[in-house]
1. For the chain, give the magnitude of the charge dipole about the Cα centre (Cβ charges: +1 Lys/Arg, -1 Asp/Glu; no others), in debye to the nearest 20.
2. Report the label-to-label distance for Thr55 and Glu38 in nanometres (one decimal), using points 7 Å from each Cα along the Cα→Cβ vector.
3. Can you compute the FRET efficiency between His84 and Ala47 using 1/(1 + (r/R0)^6), with r the Cβ-Cβ distance and R0 = 30 Å? Round to the nearest 0.05.
4. Please give the direction-averaged projected area of the C-alpha convex hull for the chain, in square nanometres with one decimal.
5. State the extension gain, in nm to one decimal, for the chain segment bounded by Asp70 and Ser11, taking 0.36 nm per residue of separation less the distance between their alpha-carbons.
Amino acid sequence: MARSREESQGSKRMVRFNFKAPEGARDVKLCGSFTNWEKGAIRMKNAKSGEWSATVMLDPGEYQYRFLSDGHWYNDPRADKQMHNVFGSQNSVKRIQ
């Protein structure tokens, strides 16, 4: 359903997040510890295939994130791991080396 790709650029890495949103999705955002969650959410771009994507520059480290599609939260099944959050659900985790 979702995947990410990393490319090096100095100490930061260009990380691409992809998400196969539910059919008919109109608005998909990437939210995470690197965006201050919804406050700085990154609007993802829709490809004709129905897959949404966003590219983010990140320093090495571990980041929690989720996708917000038309008001509904989704995890990344291809994440490095899942971690419980304070809302009783889970966040996806991406490790950048």
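Read the figures in this text as sums done on the coordinates, not as results from a lab. Model, not experiment: these values are computed from the prediction. FYI the Cβ positions are ideal-geometry reconstructions off the backbone, even for glycines, and counts take in every protein chain you see.
1. Values: 17 positive and 11 negative charges, 38 e Å.
Roughly 180 debye for the chain.
2. Calculated label separation equals 2.9 nm.
3. Values: r = 32 Å, r/R0 = 1.06.
That pair, His84 with Ala47, gives E of 0.40.
4. Working: hull surface 24.2 nm².
Its Cα hull, projected and averaged over all orientations, spans 6.0 nm².
5. Numbers: separation 59, 0.36 × 59 = 21.24 nm, distance 3.39 nm.
Additional length available on full extension: 17.8 nm.
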